Amino acid sequence: MTRPPTAAQRRVIDAADPVTGRLKGTEAQLAALVRHGLAFRHARPPHDHFLTPAGHRLRDAEPVPPAPETPSASGVFAARIGGEEDPPAAGPARVREVHSAWQGLLELRRMTNPDGSMDRPCGWERAHLVQAAALALEAAGHVPAGADGGQGYRVRATPQPEAVAVREPDAAALRACSVTLEAAGWQVGEYTEPRTRDRYLLASPRRV
């Protein structure tokens with residue numbers, strides 16, 4: 001891209017679906033984003049437009065500030081990675097939000113994986129490893145750790161490319177996390193921390 005998007009184009013980018021990257025805007029706005037490499041037009045009907053990886057990076061680099069009337073609502077969905085200081089409230093509304101995000105992610109797999117496969121991660125997940133793994137766990141009903149530690153999963157980035165670490169103090173719950181991630185299309189291995197002897201998972205998106 002040779003110049004920053006206009007204010008109107010930026011609003012279209014910021015309003016994209018947080019999981020699928022689906023865009024809504026005028027034909028002129030969408031065409032301009034395609035020219036700049038920030039969006040692509042899907043080949044299958046209804047030929048919707050979606051953010052490219054560059055478009056996702058642009059949006060993520062400069063998050064939209066919350067609306068003044070609702071300072072706690074950023075408007076961007078985030079899966080529970082465990083250990084957050086200010087986690088979203090649990091309850092039916094959160095369950096519905098997580099379910100919707102997971103269904104959106106499956107649809108993104110269908111639309112962006114070359115063979116339309118929904119049983120393995122897509123490009124967006126490879127670019128957002130922690131969020132993708134956490135969404136798979138939260139959508140399956142696993143309990144994230146609270147801010148004070150204790151029971152619950154924690155998903156964290158690792159120095160290894162395309163790998164996240166999942167920790168859960170309860171051995172049975174850790175194994176259940178492994179089963180969930182494998183079913184969601186991740187390759188999972190269980191390891192022991194040399195110093196603490198704690199067990200943890202390393203998970204990577206499966207390619208085939």
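Brief remarks follow.
- Per residue, the accessible area of segment 71-196 comes to 52 Å² when a 1.4 Å probe rolls over the protein heavy atoms.
- Gain on full stretching of the segment that runs from residue 31 to residue 11 - 0.36 nm per residue minus C-alpha separation: 5.7 nm
- Global geometry of segment 110-200, whether rounded, prolate or oblate, following the gyration tensor of its Cα atoms and the 1.5 cut on a/c: prolate
- Residue order for 26, 192 - accessible surface, 1.4 angstrom probe, largest first: 26, 192
- All distinct Cα pairs of segment 8-51 go into the 1/r average, and the inverse of that average, the Kirkwood radius, is 10.1 Å.
- In order along segment 182-187, the phi-based Karplus estimate (6.51 cos²θ - 1.76 cosθ + 1.60, θ = phi - 60°) of 3J(HN,Hα) comes to 4, 5, 8, x, 9, 8 Hz; Gly and Pro are listed as x.
- Once the Cβ-Cβ distance of residue 44 and residue 192 is raised to the sixth power relative to R0 = 45 Å, the FRET efficiency obtained is 0.50.
- Peptides 10-16, 145-151 ranked from most to least packed, by the mean per-residue count of other Cβ atoms within 10 Å: 10-16, 145-151.
- Efficiency of FRET from Cβ geometry, residue 151 and residue 107, R₀ 41 Å, rounded to 0.05: 0.80
- Carbon + sulfur, % of accessible area of the chain - ligands and nucleic acids excluded, 1.4 Å: 56 percent
- In a simple Cβ point-charge model (Lys, Arg +1; Asp, Glu -1; nothing else charged), the chain has a dipole of about 640 debye relative to its Cα centre.
- Taking all protein chains together and a 1.4 Å probe, the residues 115, 170 rank 115, 170 from largest to smallest accessible area.
- Accessible surface, 1.4 Å probe, highest first, among residues 153, 200, 191: 191, 200, 153
- Label-point gap, in nm, between residue 57 and residue 130 - each point 7 angstrom along Cα→Cβ: 1.9 nm
- Rolling a 1.4 Å probe over the protein chains gives residue 30 an accessible area of about 10 Å².
- Panel note: the C-alpha atoms of the chain, placed on their principal axes, show extents of 57, 44, 32 Å (largest first).
- Pairwise centroid distance, computed over Cα atoms, of segment 143-208 with segment 38-54, Å: 33 Å
The values are calculated or read from the model by the stated rules, or taken from the named source; none is laboratory data. Not measured: the values here are computed from a predicted model. Glycine gets a Cβ as well: all are built from the backbone with ideal geometry, and neighbour counts include every protein chain shown. With ligands, DNA and RNA removed, areas are computed over all heavy atoms of the protein, side chains included. Shrake-Rupley method; radii C 1.70, N 1.55, O 1.52, S 1.80 Å.
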